[in-house]
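Participant: Take a look at the following structure, please.
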Amino acid sequence: MLKCLLTSLILVCCPPFFAQQASSISTAALSGAVPVQVPSGPGQGFAFTKIDTDLLDEANAVDALYEKKGLVMHDPALQAFLDSVGNRVLANRPIPENVTFRFRAVRDPMVNAFALPNGSVYVTTGLLALLENEAQLAGVLGHETSHVFERHTYLENRSVRKKALTINILEIAAAAAPVGGNLSQGVQIFGASVQLAAMIGSDIIVATIYGYSREMEHQADSDGIAAMTAASYDPSAMARSFELLDQDSSLEYEPIQGFYRDHPKLSERREFAAQFASEHKAGALVTGDSKAYLDNVSAAICYEIGVDLSSRRERTAVERATKLSAAFPGNPKYQVLLADSYRGLGAKTKAPTDEERTRHGQAEHRKEYFSMTPEEEQKALSAKPEGQAALRDNEALAEQLYKGVIQSNPSYAAAHSGLGFLFEQEGKYNEAAIEYQTYLQMESGTSMDHLRIQRRLAAVQKLAGSPGHTQ
């Protein structure tokens with residue numbers, strides 16, 4: 001069973017001749033939609049067996065576990081957006097037996113999307129943060145729902161039972177799990193979706209998260225691009241998605257590699273998407289405003305920024321926070337996130353140096369990532385002139401952002417705690433104490449950070465009063 005490592009994010013690959021295999025064809029239902037045939041699965045050619053029912057139970061159990069472990073993100077705006085795009089892609093196709101389509105965001109920084117056979121479609125926060133507009137998301141959901149319509153999980157499971165299984169569930173989970181002694185909790189949640197599924201799901205359920213056979217992936221590719229186009233989404237957005245995949249994580253070393261990185265035909269898929277788009281042009285096609293997309297998925301992006309900062313991916317955090325704060329300059333939350341990101345960047349340059357971009361530099365970065373703590377890395381960087389200059393610039397930018405928020409939103413408490421952390425980092429303990437006290441007075445014990453800030457306040461007050469301290 002050849003597994004495609006571009007997990008369900010692979011949206012297009014080959015001409016839509018696979019659509020001919022489907023027994024039921026639906027057409028575009030939206031006003032002004034492009035006349036494209038959209039397959040709706042094997043139809044009457046598929047009948048449930050005991051084996052299929054058992055697999056359905058496993059899928060339901062995975063759903064329940066994701067909820068229990070808090071992996072599903074319940075943000076009203078994000079959920080409404082996913083439902084809107086997903087239902088538009090579904091259009092008027094008849095829903096298969098034992099399927100209830102649900103579109104969910106899952107807390108997982110790994111760029112990925114997958115569908116369970118019961119109709120649960122998951123898009124990771126990592127993928128949501130990478131995409132740029134509604135049409136790109138529609139392509140992802142079109143691909144994933146096609147797997148469900150075509151009954152790919154059931155058919156793959158039936159096929160696997162007739163031959164030796166070539167993929168081991170423990171190996172799959174291990175491949176998604178991080179390794180190394182200095183990894184933070186943020187790093188450890190990379191690939192959380194596949195790791196949790198491995199706890200209770202069969203090999204085929206876990207393999208579903210990785211992708212299907214090459215033929216099934218091809219079929220979902222062509223069905224998915226047809227579905228998004230029939231729903232009046234611009235299929236050229238799909239080609240842009242592949243460009244984003246090429247650019248992703250170019251800023252720093254990734255402790256966990258995305259599945260798509262090993263896929264050898266990314267350029268071919270991009271070319272096919274562009275060709276399909278050129279053959280299906282219409283004035284009514286929708287791409288979607290990038291600012292509106294950011295607004296709808298902001299909860300996922302903010303979550304990713306937090307993970308970035310706890311995973312030594314500060315450059316990525318700066319990039320994401322910059323995108324949000326530029327789109328919504330009056331939002332104090334995004335300005336504080338950007339300030340937090342520059343503070344976390346410390347002595348690291350905003351962009352990789354020429355040396356870091358070399359093969360030797362990348363190897364050294366990887367070695368240091370696993371052998372050094374964040375504090376040790378910052379100390380080593382600060383010992384170099386370029387690190388000292390970066391530290392001064394980043395701290396100045398962070399301070400400017402924090403103070404800008406305080407000036408325009410004096411009651412925004414998070415700006416005071418962030419400024420306190422910055423001053424403490426700079427050894428300005430008296431000023432840090434003032435900011436911590438201000439934060440505590442504003443929050444009045446209602447913040448989850450209250451105890452933490454109390455402890456930081458006590459620490460800086462002690463340091464400020466230590467012999468020999470001058471500020």
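To keep it simple, each residue is scored yes or no on (1) touching a strand residue (DSSP E or B) at 6+ places or on another chain (Cβ under 6 Å); (2) open to solvent by less than 20 Å² (accessible area, probe 1.4 Å); (3) assigned to a helix (DSSP H, G or I); (4) modelled with pLDDT under 60.
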{"residue": "ALA138", "(1), (2), (3), (4)": "yes, yes, yes, no"}
{"residue": "GLU156", "(1), (2), (3), (4)": "no, yes, yes, no"}
{"residue": "ALA164", "(1), (2), (3), (4)": "no, no, no, yes"}
{"residue": "GLY180", "(1), (2), (3), (4)": "no, no, no, yes"}
{"residue": "LEU183", "(1), (2), (3), (4)": "no, no, no, yes"}
{"residue": "VAL194", "(1), (2), (3), (4)": "no, yes, yes, no"}
{"residue": "ALA197", "(1), (2), (3), (4)": "no, yes, yes, no"}
{"residue": "ILE205", "(1), (2), (3), (4)": "no, yes, yes, no"}
{"residue": "TYR212", "(1), (2), (3), (4)": "no, yes, no, no"}
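Participant: For residues that are of a type in the set (Gly, Ala, Ser), part of a strand (DSSP E or B) and buried (at least 24 other Cβ atoms within 10 Å of the Cβ), tally how many sit in the stretch 114-136.
Facilitator: 1
Participant: Does VAL85 fit the bill of being of a type in the set (Val, Ile, Thr) and in a strand (DSSP E or B)?
Facilitator: The answer is no for VAL85.
Participant: Another question about this same structure. Select the helices (runs of 4 or more DSSP H) contained entirely in the stretch 290-332, then report the ones holding at least 3 residues which are out of contact with any Cys (no Cβ under 7 Å at 6 or more places or on another chain) and among the aliphatic types (A, V, I, L, M). Working first, answer last.
Facilitator: Values: elements: 290-296, 298-309, 314-327.
Correct list: 298-309, 314-327.
Participant: I would also like to ask the following. I need a count of the residues in the stretch 369-399 that are exposed (fewer than 15 other Cβ atoms within 10 Å of the Cβ), touching a residue at least 60 places away in the same chain (Cβ under 8 Å), assigned to a helix (DSSP H, G or I) and not aromatic (Phe, Trp, Tyr).
Facilitator: So the answer is 1.
Participant: Cβ-Cβ under 9 Å, sequence separation 6+ or interchain: first residue in the stretch 437-460 and under 13 Å from SER411 (Cβ atoms), partner part of a loop (DSSP other than H, G, I, E, B). Which pairs?
Facilitator: Between residues of the stretch 437-460 that are under 13 Å from SER411 (Cβ atoms) and residues that are part of a loop (DSSP other than H, G, I, E, B), the close pairs are TYR439/SER447; TYR439/ASP449; MET442/SER411; MET442/TYR412; GLU443/ASP449.
Participant: Right, another one. Hey, can you tell me all the residues within the stretch 418-428 that are assigned to a helix (DSSP H, G or I) and either in contact with a Ser or Thr (Cβ under 7 Å, 6 or more places away or on another chain) or open to solvent by 10 Å² or more (accessible area, probe 1.4 Å) (or both)?
Facilitator: Matches in the stretch 418-428: PHE421, GLU424, GLN425.
Participant: I'd like the full set of residues that are closer than 16 Å to ASP393 by Cβ and either open to solvent by 10 Å² or more (accessible area, probe 1.4 Å) or of a type in the set (Asp, Glu) (or both), limited to the stretch 320-339.
Facilitator: Within the stretch 320-339, THR322, LEU338 qualify.
Participant: Find all pairs meeting these conditions: Cβ atoms under 6 angstrom apart; at least six residues apart or on different chains; first residue within the stretch 78-104 and farther than 18 Å from ALA64 by Cα and polar (S, T, N, Q); second residue open to solvent by 70 Å² or more (accessible area, probe 1.4 Å) and assigned to a helix (DSSP H, G or I).
Facilitator: none
Participant: Please find, among SER290, SER310, SER298, the residue that is closer than 19 Å to THR125 by Cβ, crowded, with 21+ Cβ neighbours inside 10 Å and among the small types (Gly, Ala, Ser).
Facilitator: SER298
Okay, residues lined up against (1) more than 16 Å from TYR402 (Cβ to Cβ); (2) in a helix (DSSP H, G or I); (3) at pLDDT below 95; (4) open to solvent by less than 30 Å² (accessible area, probe 1.4 Å):
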{"residue": "ASN430", "(1), (2), (3), (4)": "yes, yes, no, no"}
{"residue": "THR438", "(1), (2), (3), (4)": "no, yes, no, no"}
{"residue": "SER447", "(1), (2), (3), (4)": "yes, no, yes, yes"}
{"residue": "LEU451", "(1), (2), (3), (4)": "yes, yes, yes, no"}
{"residue": "LEU457", "(1), (2), (3), (4)": "yes, yes, no, yes"}
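Participant: Also, I was wondering about something else. Listed residues ALA77, ALA47; which is surrounded by fewer than 22 Cβ atoms within 10 Å (Cβ to Cβ), small (Gly, Ala, Ser) and in a loop (DSSP other than H, G, I, E, B)?
Facilitator: ALA47
Participant: Of a type in the set (Gly, Ala, Ser) and under 26 Å from ARG313 (Cβ atoms), is that true of ALA113?
Facilitator: Answer is yes for this residue.
The values are calculated or read from the model by the stated rules, or taken from the named source; none is laboratory data. In this text, all values refer to a predicted model and were calculated from it rather than measured experimentally. Every residue, glycine among them, receives a Cβ derived from its backbone with ideal geometry; neighbour counts consider all protein chains shown. Side chains included, ligands, DNA and RNA excluded: accessible areas come from the protein's heavy atoms. Shrake-Rupley method; radii C 1.70, N 1.55, O 1.52, S 1.80 Å.
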